[in-house]
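The values are calculated or read from the model by the stated rules, or taken from the named source; none is laboratory data. All values reported here derive from a predicted model rather than from experimental measurement. Cβ atoms come from the backbone with ideal geometry, glycine included; neighbour counts cover every protein chain shown.
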Amino acid sequence: MKSAQADGETANRGLSASMVADMATKKYTLTLPEELAAVALRQPAPVTVFASDEDGLRKLCGDHVVVRGL
């Protein structure tokens, strides 16, 4: 698995998958949008996610994920 830094997209990802993975290993409790962002960021582009909180998810995912409202 490539790291976010290795693929050169870290600046465009918002909350990177590696940051979320690090939070999970340190026993932080993740919210559902954070977990959804982590899964979406691990997928090969293009990725589209449908969510009721579009703005919040866009902040977490950056430009790597297309967020559509429900």
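Name the residue that is surrounded by the most Cβ atoms within 10 Å (Cβ to Cβ), counting only residues in segment 37-57 that are part of a helix (DSSP H, G or I) and free of Cβ contacts under 8 Å to residues at least 24 places away in the same chain.
By that ranking, first place goes to 38.
So, in segment 1-27, how many residues would count as being surrounded by 11 or more Cβ atoms within 10 Å (Cβ to Cβ), modelled with pLDDT of 50 or more and either touching a Ser or Thr at 6+ places or on another chain (Cβ under 7 Å) or part of a loop (DSSP other than H, G, I, E, B) (or both)?
The number of residues fulfilling the criteria is 5.
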